[in-house]
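Contents: one structure, followed by commentary.
The values are calculated or read from the model by the stated rules, or taken from the named source; none is laboratory data. Predicted, not measured: the structure shown is a model, and the values here were computed from it. Note that we place each Cβ from the backbone using ideal geometry, even for glycine, and neighbour counts take in every protein chain shown. Heavy atoms of the whole protein, side chains included, go into the accessibility calculation; ligands, DNA and RNA do not. Shrake-Rupley method; radii C 1.70, N 1.55, O 1.52, S 1.80 Å.
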Amino acid sequence: MHGNQTRTILLPDGTALPAIGQGTWNMGEKQSSQEEEVRALRSGIELGMTVIDTAEMYAEGGAEVVTGKAISGHRDEVFLVSKVYPHHADRKQMITACERSLKRLGTDRLDLYLLHWRGGVPLEETVEALEQLKQSGKILRWGVSNLDTRDMQELWSLPEGPQCMVNQVLYHAASRGIEHDLLPWMRERSVPVMAYCPLAQGGRLRSELLEHPVIQKIAQDRGVTTSQIALAWVIRDGDVLAIPKAVQLNHVADNAAAVNIVLTQEELARLDEAFPAPKGKVPLDIV
């Protein structure tokens, strides 16, 4: 690995990935921002954030187009993730949805393909379609997104269900619901979590997280940014991969450098107090 990426997480098949990657949500919406977005993703790849996460839903394919431009000439360095709409997750439509994604991305394969959230198609049929794509080499692995513990249990009851490599869910210090039963369930099976919105979703939610006095104080004492502390918190245990989105190059560099920040027990205790873990089951936060 190049850049300054040192901490990795392991997929169930033994693949090691950098603990911080790049999200593309909200990219590809405006033609005028495309160059800047491509530059940001490229810069992130150079800094070792080689996991890039996108979806057919983002800007209705626009984010995949941006991602495709960014990885052009760098495909083999990148671990490419995209997601299928739930209403495309059946035997027939998933194949075409995946092929459309590949075309927009300018590649012949996805490293990981996720069910974006659970819809009306039976999980069994979705898994069959995913396995079929895997057999054809169009995807190398598959996983899920926004599935709660009960859905994961149902998935694991299917013959090929445990082929699932990750579950991508919303997770940050101010949204710790998965710690009650979903995260422990996944840890028992050594299936990592991909954390989306690791810096919260923006607006008030983001300012409540990043402007919290405890996060501000820890960041100040270390001479780093509040977002770097928030990211370091998300990846603290070594089995969660965070995918922040950044367009400004200084933010990209901050995100990449956050991978080397290891919080002390004392800092973690202060953050625990500031952002308490849930006492009971909380429904999954979904954006």
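A 1.4 Å probe, protein heavy atoms only, puts the accessible area of Arg118 near 70 Å². In the chain, a dipole from Cβ-located charges (positive for Lys and Arg, negative for Asp and Glu) runs towards its positive end, and of Gly106, Ala195, Leu11 it is Gly106 whose Cα lies farthest in that direction. If you build a Gaussian network model of the chain, linking Cα atoms that sit under 10 Å apart, which residue out of Val224, Val84, Val169 swings the most? Highest fluctuation of the listed residues: Val224. When the solvent-accessible area of the chain is split by element, carbon and sulfur atoms take up 49 percent of it, the probe being 1.4 Å.
When only the Cβ of Lys, Arg, Asp and Glu is charged (+1, +1, -1, -1), the dipole of region 111-239 relative to its Cα centre reaches about 520 debye.
Give the residue from Pro244, Gly62, Gln168 lying farthest towards the positive end of the charge dipole for the chain; charges sit on Cβ (+1 for Lys and Arg, -1 for Asp and Glu) and the dipole is referred to the Cα centre. The residue sitting farthest along the positive end of the dipole is Gly62. Each residue was assigned an accessible area with a 1.4 Å probe, and for Trp233 the value is about 10 Å². A 1.4 Å probe run over the chain, with the rest of the protein chains in place, finds 42 Å² accessible per residue. Protein-only accessible surface at a 1.4 angstrom probe places the residues Leu249, Leu11 in the order Leu249, Leu11, largest first. From the coordinates of this entry, mean projected area of the Cα convex hull in nm² is computed, and it appears in [x] 28.6; [y] 17.3; [z] 14.0 under the label [z].
For the chain, averaging the sequence separation of C-alpha pairs within contact (under 8 Å, six or more residues apart) and dividing by the residue count gives a relative contact order of 21 percent. Note on the chain: with a GNM built from Cα contacts shorter than 10 Å, the maximum mean-square fluctuation among Gln163, Gln220, Gln228 falls on Gln220. Note on the chain: Lys pairs 8 or more places apart or on different chains, Cα atoms under 22 Å apart, count 18.
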